[in-house]
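The structure appears below as structure tokens.
The values are calculated or read from the model by the stated rules, or taken from the named source; none is laboratory data. Bear in mind the structure is a predicted one, so any value in this text is a computation, not a measurement. Note that each Cβ is placed from the backbone with ideal geometry, even for glycine, and that neighbours are counted across all protein chains shown.
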């Protein structure tokens, strides 16, 4: 019998030439560390980031359409501080009703992909 252990990475898509915008948003604004893509995948474009043990892979999709419903949800510590930081960076915060036991909000990455940030109540 098998057992799921964790999530290694999530893949989000962007249009051709998205790498610099991805580096600005995921690297500079969100503060994630960029990691090198494996040599055999570099020709595909895109870039990879890591936080903790999880990775976010931004891949290039020729017929790109943003994910406006499907989304990753990132748990954070001090959601209020993150919200203030993202507002100062010029991002539009999208409020949604809270889920019992947690607060949350959404933003779009530079390509229109929906991203959720949430913090569990203590």
ask   = Pick from 106, 51: which is surrounded by 13 or more Cβ atoms within 10 Å (Cβ to Cβ) and at pLDDT below 95?
value = 51
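Name the residues in the stretch 28-43 that are surrounded by 10 or more Cβ atoms within 10 Å (Cβ to Cβ) and either modelled with pLDDT under 95 or assigned to a helix (DSSP H, G or I) (or both), would you? Walk me through how you get there before you give the answer.
Keep residues of the stretch 28-43 that are surrounded by 10 or more Cβ atoms within 10 Å (Cβ to Cβ), which gives 28-35, 37, 41-42.
Selection gives 28, 29, 41, 42.
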request  = Confirm whether residue 60 is out of contact with any strand residue (DSSP E or B) (no Cβ under 6 Å at 6 or more places or on another chain), at pLDDT 95 or above and surrounded by 16 or more Cβ atoms within 10 Å (Cβ to Cβ).
outcome  = yes
task = Could you check residue 93 against (1) in contact with a helix residue (DSSP H, G or I) (Cβ under 8 Å, 6 or more places away or on another chain); (2) in contact (Cβ under 8 Å) with a residue 24 or more places away in the chain and say which number it fails?
result = (2)
ask   = Going by the conditions given, is residue 57 without any contact (Cβ under 8 Å) to a residue 60 or more places away in the chain, outside any loop (DSSP other than H, G, I, E, B) and either under 15 Å from the mean Cα position of the chain (by Cα) or farther than 17 Å from residue 22 by Cα (or both)?
value = yes
task = Determine whether the stretch 66-74 contains at least one residue that is crowded, with 16+ Cβ neighbours inside 10 Å, within 14 Å of the chain's Cα centre (by Cα) and in a helix (DSSP H, G or I).
result = no
